[in-house]
1. Quick one: is ARG109 assigned by the TED database to the domain that holds ARG293 and either assigned to a helix (DSSP H, G or I) or out of contact with any Asp or Glu (no Cβ under 6 Å at 6 or more places or on another chain) (or both)?
2. Scan region 120-139 and tell me whether some residue there is crowded, with 19+ Cβ neighbours inside 10 Å and either under 22 Å from GLY333 (Cα atoms) or of a type in the set (Gly, Ala, Ser) (or both).
3. Does region 238-262 hold any residues that are in a helix (DSSP H, G or I), closer than 28 Å to TRP201 by Cα and of a type in the set (A, V, I, L, M, F, W, C), and which are they?
4. Quick one: VAL283 ticks every box in (1) buried (at least 16 other Cβ atoms within 10 Å of the Cβ); (2) modelled with pLDDT under 95; (3) touching a Leu at 6+ places or on another chain (Cβ under 9 Å) except a single one, so which number is it?
5. Scan region 221-243 for residues that are in contact (Cβ under 8 Å) with a residue 12 or more places away in the chain, more than 14 Å from ALA187 (Cβ to Cβ) and of a type outside the set (Val, Ile, Thr) and jot them down.
6. Restricting attention to region 302-332, and to residues there that are farther than 27 Å from ASP281 by Cβ and of a type in the set (A, V, I, L, M), which single residue is farthest from the chain's Cα centre (by Cα)?
7. Here are PRO269, PRO255: which of them is out of contact with any Phe, Trp or Tyr (no Cβ under 8 Å at 6 or more places or on another chain), in the same structural domain as VAL337 (by the TED database), farther than 25 Å from PRO172 by Cβ and of a type outside the set (A, V, I, L, M)?
8. With the requirement that a residue be assigned to a loop (DSSP other than H, G, I, E, B) and of a type in the set (Lys, Arg), what does region 136-176 give you?
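The values are calculated or read from the model by the stated rules, or taken from the named source; none is laboratory data. Source: prediction; values computed, not measured. Please note: Cβ atoms are built from the backbone with ideal geometry, for glycine as well, and neighbour counts cover all protein chains shown. Accessible surface is based on the protein model in full, side chains and every heavy atom, while ligands, DNA and RNA are left aside. Shrake-Rupley method; radii C 1.70, N 1.55, O 1.52, S 1.80 Å.
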Amino acid sequence: MPSYKIPCFLDISFQSEIRNPSRAKLVHFASPPTRFGLRFGRLVEDIRGRVDLRCSIAGQKVEGEAETGRTSLLRSCSPFSQVLGPRDVVKFQDDLMSLVEAGEVPISRINDAVERILRVKFAAGIFEHPFSDRSLLDLVGCKLHREISREAVRKSLVLLKNGKDPEKPLLPLDKNARKILVAGTHADDLGYQCGAWTVRWIGDSGRTTIGTTILDAIKQTVGPESEVIFEQCPLVDTLSAHDFAFAIVAVGETPYAEYISSKTELVIPSDLADMICSVADRVPTLLALITGRPIELKPEMLEKIDALVAAWLPQTEGNGITDVVFGDYDFMGRLPVSWFKRLDQLPMDPGAALYDPLFPFGFGLTYNAKMKTNSI
């Protein structure tokens, strides 16, 4: 194979630059990636990025002329070497070919894009080895991979509360407790644990892949004499009929991605909040939050629960949670963002004079009092 300079592969969005009209005028429709300082490599738009860019600059002027569909297309695709589909890729191809034929896009611009794509393919050995090595497929999801994922879950958990009285912590939990209640929408749902971009773009609920739910992990962890009772939304009769040592309640957001994640409220639904309070009124309760971001937590619910853990999205490895809450490992995680009290506090700046989060940036409790919290 001949020697080639290894190109960089950049997958970036120019939306923030294009949406600034004063900077958008700098993007001439004939500009190749060298306009942005890239001698090698290629710029690849995100899915529908070209369409979003066209919408964002519609109506602006190019060199004193009114924006048209053709010039909008030219400007929106100008820095890219590769355009993703599949939604309007055929129309894009037809439009681009007509622009080349009309001389509005120089053939040198097309050649530049093709050369950049070929450089990447040559460097990756695509022409010598066009197909993937199917023998490696068995490594996907192997024991080693799952052990690493489980370790990542353990190390990312953040302990936010442990006991109504700091001198009487609820965690670590007793593996040999006689009766344990497990509840919540996310306690036995692998799809919810994984979130989006798992099997499907938006994710799903249920047994979407191979893995261990939180409920599975609890059953695998506790002693042989322990009885684990699961009810997604426990009835008052269930709470009254059993002498539970403690409850583990797992709730959070349903899977979300991209624009679907944009919401005016980030809260635990009222029916689930009521269920949590009902359980916590009767049983010492650990609340595990399965979410990719902070959500609003009502003060009355926080007062009732005994322990609170941000478990984020543990993916397929529910055992990573039980490893820590049952005391085999200590908590190591720290908040990578400030946890707000109310959504209207966003954005939050830890250096601001009026900074007043529910939990500050870098916060995280541990079992070991000698380990610092809030230490990022």
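1. Against the criterion (assigned by the TED database to the domain that holds ARG293 and either assigned to a helix (DSSP H, G or I) or out of contact with any Asp or Glu (no Cβ under 6 Å at 6 or more places or on another chain) (or both)), ARG109 does not qualify.
2. Quick first cut of region 120-139, residues crowded, with 19+ Cβ neighbours inside 10 Å only: 120.
Checking which are either under 22 Å from GLY333 (Cα atoms) or of a type in the set (Gly, Ala, Ser) (or both) leaves us with none.
Within region 120-139, not a single residue is crowded, with 19+ Cβ neighbours inside 10 Å and either under 22 Å from GLY333 (Cα atoms) or of a type in the set (Gly, Ala, Ser) (or both).
3. Quick first cut of region 238-262, residues in a helix (DSSP H, G or I) only: 238-241, 258-261.
Next, from what is left, pick out any that are closer than 28 Å to TRP201 by Cα: 258-261.
Within region 238-262, just ILE260 meets the criteria.
4. Single failed check for VAL283: (2).
5. Listed by number, the residues that qualify are GLY223, GLU225, SER226, GLU227, LEU239, SER240, HIS242, ASP243.
6. Among them, the one singled out is MET332.
7. Details: PRO255 fails: out of contact with any Phe, Trp or Tyr (no Cβ under 8 Å at 6 or more places or on another chain).
Only one candidate qualifies: PRO269.
8. We begin by selecting, within region 136-176, every residue assigned to a loop (DSSP other than H, G, I, E, B); these are 140-142, 157, 163-176.
LYS164, LYS168, LYS175 - these are the residues of region 136-176 that are assigned to a loop (DSSP other than H, G, I, E, B) and of a type in the set (Lys, Arg).
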